[in-house]
Each structure stands twice: as C-alpha cells, then as structure tokens.
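All remarks here apply to the structure that follows.
Values in this text are rule-based calculations from the coordinates and carry no lab data. Only a predicted model underlies this, so the values are computations on that prediction, with no experimental measurement involved. Please note: Cβ atoms are built from the backbone with ideal geometry, for glycine as well, and neighbour counts cover all protein chains shown.
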Amino acid sequence: MTQTLVGEQLTDAISAAMVDLYAEFYEHDRTTATTYINDNVVVCVLEDILTLGEADQISDGQSAEVIDGRVAFQEGIEDEFTAAVERLTNRSVTAFLSANQTTPGVACELFFLAAPPRIKIPV
C-alpha cells in the first residue's frame, strides 16, 4: 500500500523530485527548491537553475536565447515533471506551466491538480 504524504512531507518530497529532475536533465546539482500547495495548485520555486553554459550565454547578452531554450526543453519533458507530482499527490495534473528568469537564475513550476475525490461519509 502506498503511503499518502501530507503537509511538509509532501512539499519536501515534491521539492526533492523537482531538484532531482533538474539535476538529471540540466546536469548540475546546485538547484534548490521550495514547494507550496494551496487547494488544487502546486507551486515549486527553484533557485540556482542555470547551467554554466547558460550563465556564459547570459554574460554574452544572450538571455533571450537561454529562455527560449528552456521553454522548448520544458515542453519536451513536461510529462516527467507532471508524473512526479501526480505520483506524490495521488491526484491528476490538469495543467502545467513553467516560467524561467535568467537574472537571478530562478524558475517556477506550476501544477494545477484535479479536485480530490469526494469522501462519502456513511449516515
């Protein structure tokens, strides 16, 4: 039987999953994350997201190219991010948004969850 995580255990688990995915796909382990949940919305704020190559591009005035590359990349791996949140929350993700900022190097992963199943209380 799968244990249902709640509260800080759940937000910490989502943060860890997002950091792991960033490490896997962006090939660096400096990223940190903080996750917030309010009803049907999960917000994960990630810091120190930039690769060394992206930092070099930004120094060369190519911030727009970095953002374009991240947007394209996030669209390609949306399923992995969504699957992690669905697995941890035991709820379906109905929408996923990703936003990145180059200065400072931060990102926001935003997940909209389906309503939780209604619990029938015997009368």
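Let's see how each residue does on (1) within 10 Å of the chain's Cα centre (by Cα); (2) surrounded by 17 or more Cβ atoms within 10 Å (Cβ to Cβ); (3) under 21 Å from residue 79 (Cα atoms); (4) among the basic types (Lys, Arg):
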| site | (1), (2), (3), (4) |
| --- | --- |
| 4 | no, no, no, no |
| 17 | yes, yes, yes, no |
| 22 | yes, yes, yes, no |
| 27 | no, no, yes, no |
| 30 | no, no, no, yes |
| 37 | no, yes, yes, no |
| 40 | no, no, yes, no |
Requested in this report: Mind listing whichever residues of the range 78-113 are assigned to a helix (DSSP H, G or I) and among the basic types (Lys, Arg)?
Outcome: 87
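Conditions tested, residue by residue: (1) touching a Cys at 6+ places or on another chain (Cβ under 6 Å); (2) in a helix (DSSP H, G or I).
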| site | (1), (2) |
| --- | --- |
| 3 | no, no |
| 8 | no, yes |
| 12 | no, yes |
| 18 | yes, yes |
| 23 | no, yes |
| 33 | yes, no |
| 55 | no, yes |
| 58 | no, yes |
| 65 | no, yes |
Report task. State which residue pairs qualify: first residue within 16 Å of residue 80 (Cβ to Cβ) and inside the range 95-118, second residue assigned to a loop (DSSP other than H, G, I, E, B) and of a type in the set (A, V, I, L, M, F, W, C) in any location, beta carbons under 9 Å apart, and separation of 6 or more residues or different chains. Result -> 107/49
